[in-house]
Amino acid sequence: TCNEFGFYQTCNVNSECPYGKGYHDVSRDLEECQMWYGISPEDVAKNVRSSLEYYGGWDLTPANTSLSKQKEILGQSRILFVTGDVDPWTELAVTGKKGNKEHPTFSVKGASHHFWTHEIEDADGIEIDTARSVIYNTVFEWLWSTNDYETHESSVA
């Protein structure tokens, strides 16, 4: 978190965050980066910019790679973003509303962070079962594709 992406779990007091508010703000996380790892807040910001540039930000087009060359990068078109609609990490995910529209996305109603990856149980709802099917079918389609650079539809529903 200090060295690459800056993913901090905070909810400021007057924010619209749906989770516990006011436990601590991002300045505390930045202080811990400095204290434990010797990484200053300025360096965290620089590291985050560098990571976004390296991975291509929301569009996932790495630095020095044109959009036309993007599809030539094996596997880059085969990224499925699955989020839960009550997942606090969804803000950091490609969701179809933000990011590269060529990457398939799927939002799981009522689910939190990666709930669909847990062991299958009889009590799993239809939403979780559907998410697992979407993931399976998407990966299956990619594995059996005859074109390594073939892309999937922009939204899976």
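Remark: spin-label model distance Ile79-Lys101 equals 1.8 nm, labels positioned 7 Å along the Cα→Cβ axis.
Charge tally for Tyr37 (other residues, Cβ to Cβ under 15 Å; Lys, Arg +1; Asp, Glu -1): -4. Taken along the Cα-to-beta-carbon direction at a fixed 7 Å, the label points for Leu92 and Ser40 span 2.4 nm.
What ranking, highest mean first, results for peptides 101-112, 17-28 when packing means the other Cβ atoms within 10 Å averaged over each residue? List each step's numbers first, then the result.
Values: 101-112: 18.3, 17-28: 12.2.
Packing proxy ranking, top to bottom: 101-112, 17-28.
Of interest is the spacing of the C-alpha centroids, which for region 13-57 and region 77-103 amounts to 21 Å.
Here the simple spin-label model places points 7 Å from the Cα toward Cβ, and for Glu31 and His118 these points are separated by 3.4 nm.
Every number in this text was worked out from the coordinates using simple rules, so none of it is lab data. Bear in mind the structure is a predicted one, so any value in this text is a computation, not a measurement. A quick note on method: Cβ atoms are made from the backbone with ideal geometry, for glycine too, and the neighbour counts reach across all protein chains shown.
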